[in-house]
Number of protein chains: 6
Amino acid sequence: MRALFVGRFQPLHLGHIKAILEISKKYEVIVVVGSAQESYTIKNPFMAGERVEMLINEENFKNLNLNVIPVTDTNNHAIWVKYITSLLPKFDIVYTQNPLTKFLFEKDGFNVKAQKIYTNEDGKIYSGTNVRNEISNKHEDVWKKMVSADTYKFIKMIKGDERVINLTKQIQ
Amino acid sequence: MRALFVGRFQPLHLGHIKAILEISKKYEVIVVVGSAQESYTIKNPFMAGERVEMLINEENFKNLNLNVIPVTDTNNHAIWVKYITSLLPKFDIVYTQNPLTKFLFEKDGFNVKAQKIYTNEDGKIYSGTNVRNEISNKHEDVWKKMVSADTYKFIKMIKGDERVINLTKQIQ
Amino acid sequence: MRALFVGRFQPLHLGHIKAILEISKKYEVIVVVGSAQESYTIKNPFMAGERVEMLINEENFKNLNLNVIPVTDTNNHAIWVKYITSLLPKFDIVYTQNPLTKFLFEKDGFNVKAQKIYTNEDGKIYSGTNVRNEISNKHEDVWKKMVSADTYKFIKMIKGDERVINLTKQIQ
Amino acid sequence: MRALFVGRFQPLHLGHIKAILEISKKYEVIVVVGSAQESYTIKNPFMAGERVEMLINEENFKNLNLNVIPVTDTNNHAIWVKYITSLLPKFDIVYTQNPLTKFLFEKDGFNVKAQKIYTNEDGKIYSGTNVRNEISNKHEDVWKKMVSADTYKFIKMIKGDERVINLTKQIQ
Amino acid sequence: MRALFVGRFQPLHLGHIKAILEISKKYEVIVVVGSAQESYTIKNPFMAGERVEMLINEENFKNLNLNVIPVTDTNNHAIWVKYITSLLPKFDIVYTQNPLTKFLFEKDGFNVKAQKIYTNEDGKIYSGTNVRNEISNKHEDVWKKMVSADTYKFIKMIKGDERVINLTKQIQ
Amino acid sequence: MRALFVGRFQPLHLGHIKAILEISKKYEVIVVVGSAQESYTIKNPFMAGERVEMLINEENFKNLNLNVIPVTDTNNHAIWVKYITSLLPKFDIVYTQNPLTKFLFEKDGFNVKAQKIYTNEDGKIYSGTNVRNEISNKHEDVWKKMVSADTYKFIKMIKGDERVINLTKQIQ
């Protein structure tokens, strides 16, 4: 049985990792890196290739049968599911947190489950928005604990934290 | 070290499989399924998703660290390499049989190697064109031996051979 | 003499119907369903095909010589009028409520008239925005009277009211 | 019951007219003017708007409940049927002469019938290609009888015959 | 030595003119008219062609070796610099006020300098936003002094001031 | 008075240079580098930026008031002229050798003149096709005399002759 896990991974965080590990117990997982055409914006600072790299290099996924596939948006919601399924192998279920993604897959008859939400010890939700906010507020000790060691190292290596800070500061 | 293996996989054949197995001895391989927007034409009968499925399901690849990524063409050769690298993780070398792909990657400074060509016992080259020709000529005993057992089963299951025959017959 | 009636029809409401009936007294009417690529958003919940169906099925239009044509936006205002006229038969006048549409047609030398605005007995304007607001506020008794019997039945059949409510609630 | 009639109408000819009249006995007909983005080429000399105008003005269709809708191609066969159905009202059957159109609609589960072919008294098939060839060979007496009186008048008015001749002569 | 000067020129103002004259002392200047696909919006009221015309007709530039090139945006920041460099001759340095443009060129290894900002005698910054605001506030005596005599005449001739006022008033 | 000179400049040759010099006696000339999205194909080996550079660097044009503008094709002939005029300043006349370009501009009411054809002492026509053929046949002494000294030097510098030979040899 195969599951689709759809996210934007801006960036990959512990919530994603826990969810994918959980789903992998039951399914072979195809990870879709959505909005692949987006980068260098406040909401989407990382290029698709960088996001794919975070997922492929992740130590926690080393024993999984993951396949990671970047997919661009279409400018037409009515055809997006058809577009994405034309690029992907057959699958049995879709996991996503995004309400519109859920909506569109269900409209076309797919089985969709809401991705489980995870929180840290302080009850703070692991989410891309939260990670990006902590980065732009220069709380490195905070966001460092919201991502894996591999992702932290990668973001530092590509100066992704400076990029997020610059995008927040300079561009409106 | 990571290698890019770029092909169209119309369909996956034994030449691809031998080449990827060979390259995998030295590299982690990213398999790029090119011309992902193409399907239902004589030259590109299979959808990207079907081609991804052939690669993901391939028994011969079960122990490899493959990642399979479909990539659409751009209508502008000058930006295609930049486009594809924006979607992919970093890589050290590119393998391809396509002269233009080789040309464009080399122009942008990448290390490109020509993919080794393999032949069957009769000296016939394993190539997508040859496989499609044998299918359209209804030589099932011939093309069956040019692809893996998994690919043969998959093509029969999706009635891909009928599709190739119909596209050749009806559409010019 | 032929008139163009340009709207988005999200959804078709009594204001549209009264205006089209009025214009039809003097003109053969081409109804352009604009922003045809949009659907499943708060501002554009209905697919172009659904909007075309509301117009084609409308009992009030049964004796009219209407032709309904969905047209997508272009990402370039300067060429939109040329684009739309390349898809349409010749016409003598354009009716629209949208100021930009009016502006662009007039710039290219077309005769444009502002579409008449209609109100219900309480003086409330019939407009797509008002209908969508009433739907998302679950005032079914209110919005039901702002659309025709056919449109009401159609929206209920496709569960369009639930869609509007979900889009408002879940997606920002 | 509603039928889709899909053609390119380069130009509208007597074969189309006879087929549509026949289908209209049993169905409400939506006429799709395909390849709407094409014009001023040898294979597609007429703009979508001109082709829509031929259909809308046709005297033979005056009592029919036709709706004429121009639809552009997509660069991806796998999503074209989804694209076109997102623009159209629901329909029960598709009529077409084009094998690929037939193929793609059937793949997505639609009921498709081959459009009946009609010939003139000399056994010559009414087809767009034949009409364009007669025009480019300046056999006005021949092509005049392959189209309706309205279409003949329209082509002469827009100097469509000169256009076809020029495109054949000058552009390869 | 060749410099790229990248702006949107909505409209050309005295700040642009002073900066280009200054840069021209040391460089042959290629003027890039960015967001060329935009027009008839509040932020981008003028068509690319109108903006090119302001630059080409400018008396202050008559002795310069300027070349003016309109360039459209891409929907993908990661490939924009590659796209623009595929359209332009080689250059040694980039001047721009836009932080994202600076960011993207620097990421790809180009030498970028922030364009100098100029103010009028009252200390008000010459900027497109300020000029458009003064136009929409009908302060003709103010905006007239923020642009050159040629640009003022051109804007009046094409009724660009009325356009800005209408766009502000009517469209949100 | 301003003239548009429309060509593809694959590459710039003496026929272009003579024609532009001739037209420049009467007009300010805007040179449009057409099919700007094309490169690395047999018919269009050079990138738009390279073609712009040939024109901008040309010694023969040093005293002219040329402006060089690359323009991409549209996939829709009916809107191309509107697209190109939205990017360009006003002009009074169009010079071109391409029959379709002539056709489309005339259809929209522009004054179009056929560009004069020039031949060398042997009566051979200066044309892009002829230059590319001589390059691919390795007749360097021949093609060298069909282009200017600047263009010859530039093509050698970017190894454009090798590129043309490789494209002819390897890609079909």
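Throughout, read-outs are computed from the coordinates displayed, never taken from laboratory work. Here the structure is a predicted model, which is why all the values come from computation and not from measurement. A quick note on method: Cβ atoms are made from the backbone with ideal geometry, for glycine too, and the neighbour counts reach across all protein chains shown.
Across region D:87-172, the mean sequence separation of Cα contacts (distance under 8 Å, 6 or more residues apart), normalised by length, yields a relative contact order of 19 percent.
For F:VAL112, the residues whose amide H sits under 5 Å from its own are F:VAL94, ignoring neighbours fewer than 5 places away on the same chain, with H placed 1.01 Å from N. Direction-averaged projected area, Cα convex hull, chain E: 9.9 nm², rounded to one decimal. Chain E residue nearest the rotation axis toward D, with distance: E:ASN75, 8 (Cβ to axis, whole Å). Semi-axes of the equivalent ellipsoid for region B:94-141, computed as √(5λ) from the eigenvalues of its C-alpha gyration tensor and ordered from largest down, come to 30, 12, 6 Å.
Across chain B, the relative contact order, built from alpha-carbon pairs under 8 Å that are at least six residues apart, equals 28 percent. Taking region B:91-172, which GluC sites (Glu not before Pro) meet the DSSP loop condition and have no more than 12 other C-beta atoms within 10 Å? In loop regions of region B:91-172 (DSSP not H, G, I, E or B), the sparsely surrounded GluC sites (Glu not before Pro) are B:GLU121. Extension gain for E:LYS113 to E:GLU162 (0.36 nm times residue separation, less C-alpha to C-alpha distance): 14.1 nm. Across the identical copies, the 7 Å label point of C:LYS43, projected outward along Cα→Cβ, sits 1.3, 1.3, 3.8, 3.9, 4.0 nm from its counterparts, in ascending order. Annotation for B:ILE158, label-to-label distances across the other copies: 3.0, 3.1, 4.0, 4.0, 5.0 nm (shortest first, one decimal, point 7 Å from Cα along Cα→Cβ).
When both bridge partners sit in region E:2-171, DSSP labels roughly 5% of those beta bridges antiparallel.
Taking each of B:LYS82/F:LYS62; A:LYS82/C:LYS43; B:LYS102/F:LYS159 in turn, the alpha-carbon distance tops 25 angstrom for B:LYS82/F:LYS62. Shown for E:LYS62: label points 7 Å from Cα along the beta-carbon vector, and their distances to the equivalent points in the other copies, 2.3, 6.6, 7.3, 7.3, 8.2 nm in ascending order.
Taking a ≥ b ≥ c as the square roots of the eigenvalues of the alpha carbon gyration tensor, the protein assembly as shown is rounded, as a/c is under 1.5. For region E:1-75, pairs of C-alpha atoms spaced more than 16 angstrom apart make up 45 percent of the total. For region A:110-150, the number of Lys pairs with C-alpha atoms closer than 20 Å, counting only pairs eight or more positions apart or on separate chains, is 5.
Taking a straight line from the alpha carbon of E:LYS169, these aspartates and glutamates sit under 13 Å away, with near neighbours fewer than eight places off in the same chain left out: E:ASP161. Where both partners of a DSSP beta bridge lie in the protein assembly as shown, what percent of those bridges are antiparallel, to the nearest 5? Antiparallel: roughly 5 percent of the beta bridges in the protein assembly as shown.
By its C-alpha gyration tensor, with a ≥ b ≥ c as the square roots of the eigenvalues, how is region D:71-167 shaped: rounded for a/c under 1.5, else prolate for a/b larger than b/c, else oblate? It is prolate, given that a/c is not under 1.5 and a/b is the larger ratio.
With the simple spin-label model, which puts each label point 7 Å out from Cα in the Cβ direction, the D:HIS139 to E:LYS26 separation comes to 7.3 nm.
Report summary: the helix-based calculation at 222 nm, which adds -39500 (n - 2.57) for every DSSP H run with n ≥ 4 and divides by the residues of chain D, gives -12000 deg cm²/dmol. Applying both filters, DSSP loop and at most 16 other Cβ atoms within 10 Å, to the trypsin sites (Lys or Arg not before Pro) of region E:87-131 gives E:LYS90, E:LYS116, E:LYS124. Could you tell me the calculated FRET efficiency between E:ASP92 and F:ASP92, based on Cβ-Cβ distance and R0 = 41 angstrom, to the nearest 0.05? Efficiency computed from Cβ-Cβ geometry: 0.70.
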